[in-house]
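**Q** This structure is in structure tokens; I'll ask about it shortly.
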Amino acid sequence: MIPCMALAGSFIEKDMYKLTEYSIDECVQSPTYQKFLNLKADEVIQKNLQCAKCEYLSYCGCGCRGGAITLAEDFYGIEPLRCIFFKNHWPEKIKKTMEDCLKNKQ
């Protein structure tokens, strides 16, 4: 049992309890599952200097752990897609596109 589908096939999946062997209650209380669910951003920041020094930290909050585990193969690593999103200024681009659409609609 994994917390999200992004973790399917990742290195962390082997540490998750299997529903065929444990009850749902046992799966949810398993150490790896709980570590994933209860991870705090400051713990990631302490172990990830790249995120700690990033100007977009207050926007992304260290990104998605599922993405970091799957794409960077690191529980505390960067979440590459979130980095691309913010470092390429996509929030501003999306906002401008939406504003332009609304202007043209009127």
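**Q** What is the number of the single condition among (1) over 11 Å from the mean Cα position of the chain (by Cα); (2) closer than 25 Å to residue 91 by Cβ; (3) of a type in the set (D, E, K, R) that residue 65 does not meet?
**A** Only one criterion is unmet by residue 65, namely (1).
**Q** Can you tell me which residues in the stretch 1-17 are surrounded by 10 or more Cβ atoms within 10 Å (Cβ to Cβ) and either farther than 17 Å from residue 71 by Cα or among the basic types (Lys, Arg) (or both)?
**A** Selection gives 1, 15, 16, 17.
**Q** Is it the case that some residue within the stretch 89-102 is surrounded by 10 or more Cβ atoms within 10 Å (Cβ to Cβ), in contact (Cβ under 8 Å) with a residue 60 or more places away in the chain and among the β-branched types (Val, Ile, Thr)?
**A** Checked against the condition, which is being surrounded by 10 or more Cβ atoms within 10 Å (Cβ to Cβ), in contact (Cβ under 8 Å) with a residue 60 or more places away in the chain and among the β-branched types (Val, Ile, Thr), the stretch 89-102 yields no hits at all.
**Q** Of the numbered conditions (1) farther than 21 Å from residue 13 by Cα; (2) not in a helix (DSSP H, G or I), residue 58 fails exactly one; give the number of that condition.
**A** Here residue 58 clears every test but (2).
**Q** Quick one: which helices (runs of 4 or more DSSP H) sit completely within the stretch 5-47 and have at least 2 residues that are in contact (Cβ under 8 Å) with a residue 12 or more places away in the chain, over 26 Å from residue 59 (Cα atoms) and of a type in the set (A, V, I, L, M)? Quick ask: steps written out before the conclusion?
**A** Numbers: elements: 24-29, 31-38, 41-47.
Answer list for the stretch 5-47: 24-29.
**Q** Identify all residues within the stretch 43-83 that are more than 12 Å from residue 6 (Cβ to Cβ) and open to solvent by 90 Å² or more (accessible area, probe 1.4 Å); write none if there are none.
**A** Across the stretch 43-83, the qualifying residues are 46, 47, 49, 50, 53, 55, 58, 59, 73.
The values are calculated or read from the model by the stated rules, or taken from the named source; none is laboratory data. Since the model is a prediction, treat every value here as computed from it, not as a measurement. Note: ideal-geometry Cβ built from the backbone for every residue, glycine included; neighbour counts use all protein chains shown. The area values use the complete protein model at the heavy-atom level, side chains included, leaving out ligands, DNA and RNA. Shrake-Rupley method; radii C 1.70, N 1.55, O 1.52, S 1.80 Å.
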